[in-house]
Amino acid sequence: MADDIFKALADPTRRTILDELAESPGQTLFEICSRLAMKHRLGMSRQAVSQHLAVLEAAGLVETRREGRYKFHDLNPAPLRHLTERWTGPNPTEHTP
């Protein structure tokens, strides 16, 4: 799973999408595309953004939910926490003998 996370984070566009979802959760594909175009000047097709979202979802970094005909995307920070906890243990000075 860590490989999928690193692959997903390796692309700057995907990191920008995660930034946008962190700032404004529950966005539709249309909203994400609009924010990328207006705020970041990234002119991408809906299909390209959808493919980026699929990579992020496969890595567990984005979760989706359907409401009617709309699909909403949310950031899932749990895989990032798990990844950082892998190499950062408890602080030795915090232990009591």
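The values are calculated or read from the model by the stated rules, or taken from the named source; none is laboratory data. Being a predicted model, the structure only gives us computed values, none of them experimental. Heads up, the Cβs are rebuilt from the backbone with ideal geometry, glycines too, and the neighbour counts pull from every protein chain shown. Quick note on the areas: whole protein, heavy atoms, side chains included, nothing else; ligands and nucleic acids left out. Shrake-Rupley method; radii C 1.70, N 1.55, O 1.52, S 1.80 Å.
Being out of contact with any Lys or Arg (no Cβ under 9 Å at 6 or more places or on another chain), open to solvent by 40 Å² or more (accessible area, probe 1.4 Å) and touching a residue at least 12 places away in the same chain (Cβ under 8 Å) is a description that applies to SER50. Just to be sure, is THR88 among the hydroxyl-bearing types (Ser, Thr, Tyr) and open to solvent by less than 70 Å² (accessible area, probe 1.4 Å)? The answer is no for THR88. Across the stretch 2-12, not a single residue is classified as within 10 Å of the chain's Cα centre (by Cα), open to solvent by less than 100 Å² (accessible area, probe 1.4 Å) and at positive phi. There is at least one residue in the stretch 65-74 that is within 12 Å of the chain's Cα centre (by Cα), open to solvent by less than 20 Å² (accessible area, probe 1.4 Å) and modelled with pLDDT of 95 or more. The set of residues in the stretch 28-43 being of a type outside the set (Gly, Ala, Ser), in a helix (DSSP H, G or I) and open to solvent by 40 Å² or more (accessible area, probe 1.4 Å) consists of PHE30, GLU31, ARG35, MET38, LYS39, HIS40. Checked against (1) part of a helix (DSSP H, G or I); (2) surrounded by 14 or more Cβ atoms within 10 Å (Cβ to Cβ); (3) at pLDDT 95 or above, LEU83 passes all but a single condition, namely (3).
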